[in-house]
Each structure stands twice: as structure tokens, then as C-alpha cells.
Amino acid sequence: MKKEQFVLLLVAAFILCSVGLYAQERQYKLAGTLSMQTGESFPFEVSFTEVDGNLTGEAVTFAPPHQTISVIRGTIDRYEKRLSFKEVEITSSRSLPTKAYMCLVNAKLYFEQDYKGATLRGAVTNKQTDKTACTPGTLTFNNAIELRPLFEATEKFDTVISMKKKTSTEKGGIKVAQQDPYEPQETAKITVGEEKTYKWHTDTLTIELWDGGATDGDVVSLQLNDSIILSQYALVKKKKTVKVYLPAAGLNVLSIIAGNEGTDPPNTATLMLTDGQIKYPLIAYNKQGEKAIIKIKRVQ
């Protein structure tokens, strides 16, 4: 066997052993609230074991001694910050009378973290095995102590092994390492008096804009320098994409202007700015009429 082949086999064996070593069981317990379209709210608790993004466990609706207990199965997507699960079987039920028509829960929840705290929230649909329509609702978990380990749990275990050589560019005869465009950027928070400045390498600014929390009626406008590029847009979960051309030189000022603050003030918008392959995540929050500023400077 050639030396190169032997080295490759050793690397492959190391990776396989590492994967097997860190495919550990992790246990979680979350306590939250199930809010139904009828206006009623009930305690809702899940406890589950996760292995490689797949979870199994149980859900408890209502408070003891009138709880309903069911088996749940689902998945965790830490990249998308999403937890999804379904109740597949009810093991016991002593539920309270309710105006809602309760069935097996199917939940798709999204994790958000901002200056106000951490929330795991999403729509809940209910369906009987005979496809009878049931009362929809919203499931919310907002205990940051419980939630943060759920979406950060693999960070201290996972290691990315790359065989690719680092690239570099020359500026003034000095070699400068290129930024990895796929390296995740820290989410910046901007508001009145707290601006953000970016050096820009391409002639295009791509803006993705959406409501990263609960859709509560926030309205924003976008202004680039002296031009309005998006007027009085009502934020929703679906991302709105705006692309604009940036001049070859000079400073450009992007303003996120807060309109209606919705039912959960202040006005909060989630954005992703894209410069070629580099992405910059942001959260802009302000009172009605105020603006958050991003300064963008083209570099040659």
C-alpha cells in the first residue's frame, strides 16, 4: 500500500470514529404555552431525547391532574433553527372541557433570539386520522435557559475538517487571507444611535427582509441614500428580496425606517445583506418614525 493511501485511510478512520463518538443522546425538556384560535391558552410541555437531529419523547397538554400525554417524534434543524414534531399517539387523557376541538398536534417551530430574549414559536395544526378539521393554534416556548442549549448543543462537539488550502490575495505586495464566505457572521443589532458599517466588494447589494419573530403587523420602508427602494412594506415570515446597484466608489447609506410597530412593540425587522458570497445578518428595531442606519462603502 502506498504511503498516500495509508494516510487517507487513517484520516477516514479518524472521521468515522469521531462521528460515532459524538452521536450522543441528548435530553431536553421545554415548558411553554399552547394558544388556541378560540382564545384559550393551555400549559404545554415536551420532553425528548435527540440523536443526530432526530427526537423522540412525549408531550403533556394541560396541567396535572387533567393532562393529556402523547408520544412525539420529530427533528431539529440547527442550521435553520427549526424544531418540528408530531404527536403520533395519545397514551393517556384526562383533559379539561374546552371550546377548542383538540386533535393530534403537528408543530413547526422557529427559534429567534434578540435583545428581548429567546423564543421558540410557530403554528400548530391539528388533524384527526380521518382528516377532520380541528382548531389551529400557536405554540410558544420562551424560557431562554431551556432554549439556548437546544440550539447550541452541538457547537462544542462538532469540528469541521477541511483538506482545502486557504487562499490569499495580494494587496501592495502583501498577501492577505481571504475571508471564508461561508463562515457564519454574528447577527448585528441596529437601532437609533447604533449604526453598522460594512466594506463592500461587489456592485450589488441584495437585501432580504422578513419578520423573524411572531408576525404582528410591523411595517418598514427602506431608503438607499436619497431614494426610497421599498415603501411601507408589511413584514411577514416569507422573505422579501430587494436588489440595488452600488456606485463604484463612495459611501452609501441604507436606512430601515420603522412604520407601524404592530401588536408587539417596538418595530422589529430581520435582514440579510449579501455581498457576493458573504452574508451579513441583522436585526433592526425602533419606535415608529425612527430609523436604523447601515453604512456601506465600496472597496476596490
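A few notes on this one:
- Among (1) under 24 Å from the mean Cα position of the chain (by Cα); (2) assigned to a strand (DSSP E or B) - the single one T263 does not satisfy: (2)
- Residues that are among the hydrophobic types (A, V, I, L, M, F, W, C) and in a strand (DSSP E or B) were ranked within region 214-229; the one that is farthest from I296 (Cα to Cα) is V219.
- Annotation note: of F85, F62, the sole residue that is on the phi > 0 side of the Ramachandran plot, surrounded by 15 or more Cβ atoms within 10 Å (Cβ to Cβ), of a type in the set (F, W, Y) and in contact with a Phe, Trp or Tyr (Cβ under 9 Å, 6 or more places away or on another chain) is F62.
- Residue list for region 72-81, filter: outside any loop (DSSP other than H, G, I, E, B) and either surrounded by fewer than 16 Cβ atoms within 10 Å (Cβ to Cβ) or touching a residue at least 40 places away in the same chain (Cβ under 8 Å) (or both): R73, T75, I76, D77
- Boolean, N126 is modelled with pLDDT of 80 or more and not assigned by TED's automatic domain parsing to the domain that holds Y198: no
- Count of region 50-65 residues which are in a strand (DSSP E or B) and within 17 Å of G32 (Cβ to Cβ): 6
- Remark: T274 matches the filter, which requires a residue to be under 14 Å from D203 (Cβ atoms) and under 20 Å from the mean Cα position of the chain (by Cα).
- Scan of region 235-260 for residues that are under 21 Å from F111 (Cα atoms) and part of a strand (DSSP E or B), ordered by number: K240
To keep it simple, each residue is scored yes or no on (1) crowded, with 16+ Cβ neighbours inside 10 Å; (2) modelled with pLDDT of 90 or more; (3) more than 18 Å from E195 (Cβ to Cβ); (4) of a type in the set (F, W, Y).
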{"site": "Y233", "(1), (2), (3), (4)": "yes, yes, yes, yes"}
{"site": "T241", "(1), (2), (3), (4)": "no, yes, yes, no"}
{"site": "V244", "(1), (2), (3), (4)": "yes, yes, yes, no"}
{"site": "P247", "(1), (2), (3), (4)": "no, no, yes, no"}
{"site": "G259", "(1), (2), (3), (4)": "yes, yes, yes, no"}
{"site": "T263", "(1), (2), (3), (4)": "no, no, yes, no"}
{"site": "A269", "(1), (2), (3), (4)": "yes, yes, no, no"}
{"site": "K297", "(1), (2), (3), (4)": "no, yes, no, no"}
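The values are calculated or read from the model by the stated rules, or taken from the named source; none is laboratory data. Keep in mind that this is a model prediction, so the values were computed, not measured. Heads up, the Cβs are rebuilt from the backbone with ideal geometry, glycines too, and the neighbour counts pull from every protein chain shown.
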